[in-house]
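**Q** Here it is: the structure, laid out below.
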Amino acid sequence: MATPSETRLVNRYRVQPQHANNYESLHGGTLMKWMDEVGAMSAMRLAGESCVTAGVDGLDFRRPIPIGETALIEAYVFHTGRTSVRTRIRAWREDARSGETALTTEATFTFVAIDPDGTPVEVTDLTVESDEDRELCETARSAE
């Protein structure tokens, strides 16, 4: 069994011109791809298996991430089903020089654990042990 804090991952991507839309900011589809990748890795930490995206809920874009800034993406598991894993994913724009951040995007992704043949497999239960784990789960649930 894993805890939300054990599944928590943070990754950074530098926004380059090839990632940009016509407004010189990160293309929304590129950010969604990066969020999906980090979320899947978080889900795999709990499942111990490959995970595929089954759904995305409440994907909200609040502000752009301009070329030259960093997309900081955080993901963690907050709920499990029989074969599914619900992952809270948030993105911030981060100034690489100052470290200053601003929330840009958030969503809940559902992943399904699969075996090498692509058949769904059962996942372990999520364990909530600490105050940090409870806070992560409450934050994710309140955002749904």
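**Q** With respect to T124, determine if the residue is among the polar types (S, T, N, Q), closer than 19 Å to S5 by Cα and open to solvent by 40 Å² or more (accessible area, probe 1.4 Å).
**A** Working: among the polar types (S, T, N, Q): yes; closer than 19 Å to S5 by Cα: yes; open to solvent by 40 Å² or more (accessible area, probe 1.4 Å): yes.
When the stated conditions are applied, T124 passes them.
**Q** In this structure, is S130 free of Cβ contacts under 8 Å to residues at least 40 places away in the same chain and either surrounded by 19 or more Cβ atoms within 10 Å (Cβ to Cβ) or more than 14 Å from the chain's Cα centre (by Cα) (or both)?
**A** Working: free of Cβ contacts under 8 Å to residues at least 40 places away in the same chain: no; either surrounded by 19 or more Cβ atoms within 10 Å (Cβ to Cβ) or more than 14 Å from the chain's Cα centre (by Cα) (or both): yes.
Considered against the rule, which asks whether it is free of Cβ contacts under 8 Å to residues at least 40 places away in the same chain and either surrounded by 19 or more Cβ atoms within 10 Å (Cβ to Cβ) or more than 14 Å from the chain's Cα centre (by Cα) (or both), S130 comes out as no.
**Q** With under 25 Å from Q16 (Cα atoms), acidic (D, E) and not in a helix (DSSP H, G or I) as the only criterion, which of E122, E129, E106 stands out?
**A** After applying the criteria, what remains is E106.
The rows are residues; the columns are (1) touching a strand residue (DSSP E or B) at 6+ places or on another chain (Cβ under 8 Å); (2) open to solvent by 30 Å² or more (accessible area, probe 1.4 Å); (3) over 17 Å from V15 (Cβ atoms).
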| residue | (1), (2), (3) |
| --- | --- |
| L72 | yes, no, no |
| Y76 | yes, no, yes |
| R88 | yes, no, yes |
| W92 | yes, yes, no |
| A113 | yes, no, yes |
| P116 | yes, yes, yes |
| P120 | yes, yes, yes |
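**Q** What is the one condition in (1) at negative phi; (2) in a loop (DSSP other than H, G, I, E, B) that R93 does not satisfy?
**A** Of everything listed in (1) at negative phi; (2) in a loop (DSSP other than H, G, I, E, B), R93 misses just condition (2).
**Q** Looking at the stretch 19-34, is at least one residue within 18 Å of A107 (Cβ to Cβ), of a type in the set (D, E, K, R) and open to solvent by 30 Å² or more (accessible area, probe 1.4 Å)?
**A** Yes, the stretch 19-34 has at least one match.
**Q** Another one. Which condition number in (1) open to solvent by 30 Å² or more (accessible area, probe 1.4 Å); (2) in contact with a Lys or Arg (Cβ under 9 Å, 6 or more places away or on another chain); (3) not β-branched (V, I, T) is the one that R82 fails?
**A** With respect to (1) open to solvent by 30 Å² or more (accessible area, probe 1.4 Å); (2) in contact with a Lys or Arg (Cβ under 9 Å, 6 or more places away or on another chain); (3) not β-branched (V, I, T), R82 is out only on (2).
The values are calculated or read from the model by the stated rules, or taken from the named source; none is laboratory data. Keep in mind the model is a prediction, meaning the values are calculated, not measured. All Cβ positions, glycine included, derive from the backbone under ideal geometry; neighbour counts span all protein chains shown. Side chains included, ligands, DNA and RNA excluded: accessible areas come from the protein's heavy atoms. Shrake-Rupley method; radii C 1.70, N 1.55, O 1.52, S 1.80 Å.
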